[in-house]
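Structure first, then comments.
The values are calculated or read from the model by the stated rules, or taken from the named source; none is laboratory data. Quick caveat: nothing in here was measured; it's all calculated off a predicted structure. Don't worry about glycine lacking a Cβ; one is built from the backbone with ideal geometry, like all the others, and counts go over all protein chains shown. Side chains included, ligands, DNA and RNA excluded: accessible areas come from the protein's heavy atoms. Shrake-Rupley method; radii C 1.70, N 1.55, O 1.52, S 1.80 Å.
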Amino acid sequence: MDHTATDRLRRMTTSAPERPVLFSLAGKRVWVAGHRGMLGSAVVRRLAAEDCEILTADRSVADLRRQDEAEAFVARARPDAIVVAAAKVGGILANSTYPGAFLYDNLMIAANVIEAARRTGVAKLLYVGSSCIYPKLAAQPIVEEALLSGPLEPTNEWYAVAKIAGIKLCEAYRREYGCDFISAMPTNLYGPGDNFDLASSHVLPALLRKAHEAKRAGAAEMVVWGTGTPRREFLHVDDCADALVFLLRGYSDAPHVNVGSGEDVSILELTRLVAGVVGFEGAIVQDTSKPDGTPRKLMSAARLRAMGWSPRIGLEAGVLGTYGWFLKHAAAR
Ligand code: GDP
């Protein structure tokens, strides 16, 4: 087998073999907090391939914004490991419309789950943050050390502040109590289970819906918010879930780790790609009354790559699969 084929095979068999396993999942009870979300459900799918027991809790069982409910659940379920994929998430409009809910809900989820994990002696916890924790004008690609080196992007600072608090809690608990809590910062995720509601979604699912509806209506144009020049990085949620399992197993240190594809596209390029996948051939029109947000958001993927992990789902293939999911599950809504 030539080198490239070996490489491809290694990527297809998920985590790179040469990294030592610091936390074995075999026989462990792993709670995926936020299992109904796009990322949480991808983590559940990914963990299903492992020899571990997956625990979940619906909001009716444990509302993680409530300390008593979060602590009671963790004390009862006794997980060995927790993946904190629970969060109140949304796109640029939702973030600016509901700053209180974005800040409070995400702060409470982080504090309650991390503290409950400490009290119960959970062996491993992985807190999931977001690339929006970085300063608006951070040098690109954004390295992990850029955290707290400048002002945040105002459209999502509420969410970002809560996520930064979660990362810092993991770091502080490692330092003060010796907890093996780590954190990962995924870039913009997309894929099955995404939110396609135009008022609260992120750009990629929004563009899929817009292109689909424009095509179906025989419209001459589809409208894209902002100037189309901002650049964003995208990662398929199944790649992200794979990276999280990789880190859960093989990473145990204080610094958070970026999880990205290492490549970005402009919103206009993305719109053309999405229109191509959907088969919309009309004009792309910009609505510049809508905000652009941060000009560019590309994270450095170097740290995770150096550990031996890289993504395997390209943007076009990923968008195609996501469009298939949308047609089946969300198009009618
Ligand atoms: P951000 O990455 O936190 O800025 O969040 P979004 O994914 O919501 O937006 C990314 C970029 O896509 C911004 O520049 C938006 O203005 C732009 N964009 C273009 N069209 C749309 C749309 O229909 N919905 C959303 N959410 N963003 C759009």
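Miscellaneous remarks
- Leading residue by the ranking (most open to solvent (accessible area, probe 1.4 Å)) among those in the stretch 222-247 that are over 17 Å from Ala301 (Cα atoms) and either touching a His at 6+ places or on another chain (Cβ under 8 Å) or aliphatic (A, V, I, L, M) (or both): Val223
- Residue check, Asp194 away from the ligand (no atom under 16 Å from the Cβ) and in contact (Cβ under 8 Å) with a residue 12 or more places away in the chain: no
- Segments classed as helices (runs of 4 or more DSSP H), wholly inside the stretch 222-324, with at least 2 members that are within 14 Å of the ligand (Cβ to nearest atom) and farther than 23 Å from Ser183 by Cβ: 267-278
- For the stretch 136-169, a residue qualifies if it is open to solvent by 30 Å² or more (accessible area, probe 1.4 Å), aliphatic (A, V, I, L, M) and away from the ligand (no atom under 16 Å from the Cβ), and the qualifying residues are Ala139, Val143, Leu148, Ala165, Leu169.
- Odd one out for Thr6 among (1) farther than 24 Å from Ala160 by Cα; (2) at pLDDT 95 or above: (2)
- Restricting the stretch 143-187 to residues that are free of Cβ contacts under 8 Å to residues at least 60 places away in the same chain and part of a loop (DSSP other than H, G, I, E, B), the residue that is farthest from the chain's Cα centre (by Cα): Gly178
- Filter result (β-branched (Val, Ile, Thr) and at pLDDT below 95) within the stretch 143-172: Thr155
- Unique residue being aliphatic (A, V, I, L, M) and buried (at least 18 other Cβ atoms within 10 Å of the Cβ) when the list is Ala217, Ala199, Ala254, Ala206: Ala206
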